[in-house]
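*Asks:* Here it is, the structure in full.
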Amino acid sequence: MLSALLDRIGDWPPVLVLGVAAVVLGVESGFLVGMLLPGTTTLVVLGLWSSTSETHPAWPVAVAAVASVSGALTGWRRGHGRRALDPGSHRRLRARVDPAVRRARSWLGRLGPVGTAAVLAGGHWVAVTRTLVPRVAGGAHVPLRLAGPVLVVSGTAWAATVVLLSRALGERVARDAGWVPAVVLAVLLVVLVVRSARHHSHATP
């Protein structure tokens, strides 16, 4: 599939390739509909394309990082001070999602700065959480002075890592390494949940 996609965009001008990638990555991390978009696959394609087109990797890395971080900050702003979903959203979807988002916001608000930063950083490396975690953090009133730098560093590291690895290793990145961030995030969440539970038990008389 990736080979066919590369053949299709092979004749596109670099500005168009980078522009389309920026839109996909920005929407993926900034809006709920972005959960349906292939963020990591887009980075893999950028890495392969930069290799075959002899484009310097700094260009796709910079474009991808700016787009993804900007989207994440947009998600934080949309979540900040708002309800779990926008008022115009489907009522049935609201009924299912709102309670889970409220619990996530409450839990994130109890983690403290270090735990919150860890969740924000780890969340940017995994599909779906890349869309939801900044929004939940905004709803939990995580300050921008904490969320902003973490998202910038994590988003840039994610973009650079995937683009450069796919440029060096090819399609193996998409097949073999896609599960690694999810496992790391899962372990991180388990540690934070245990830590939060212990803290709560010690605080309860």
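*Asks:* If you check every pair at least six apart or on different chains, which have Cβ atoms under 8 Å apart with a residue in region 49-60 that is closer than 11 Å to residue 21 by Cβ first and a residue that is of a type in the set (S, T, N, Q) and open to solvent by less than 50 Å² (accessible area, probe 1.4 Å) second?
*Replies:* 49/55; 59/50; 60/50
*Asks:* Right, something else. For region 142-165, give me each residue that is open to solvent by 50 Å² or more (accessible area, probe 1.4 Å) and either modelled with pLDDT under 85 or of a type in the set (S, T, N, Q) (or both).
*Replies:* 156, 161, listed by residue number.
*Asks:* Do you know which of the residues in region 26-48 that are more than 11 Å from the chain's Cα centre (by Cα) and among the β-branched types (Val, Ile, Thr) is surrounded by the fewest Cβ atoms within 10 Å (Cβ to Cβ)?
*Replies:* The residue in question is 33.
*Asks:* Being among the β-branched types (Val, Ile, Thr), open to solvent by less than 80 Å² (accessible area, probe 1.4 Å), at pLDDT 90 or above and out of contact with any Gly (no Cβ under 8 Å at 6 or more places or on another chain): is that true of residue 97 here?
*Replies:* no
*Asks:* Going by the structure shown, is residue 20 surrounded by fewer than 21 Cβ atoms within 10 Å (Cβ to Cβ), closer than 30 Å to residue 138 by Cα and under 23 Å from the mean Cα position of the chain (by Cα)?
*Replies:* In short, yes.
The values are calculated or read from the model by the stated rules, or taken from the named source; none is laboratory data. Note that the structure is predicted; figures quoted are calculated from it, not measured. We place every Cβ from the backbone using ideal geometry, glycine too, and count neighbours over all the protein chains shown. We work out accessible area using only protein heavy atoms, side chains counted, and drop any ligands, DNA or RNA first. Shrake-Rupley method; radii C 1.70, N 1.55, O 1.52, S 1.80 Å.
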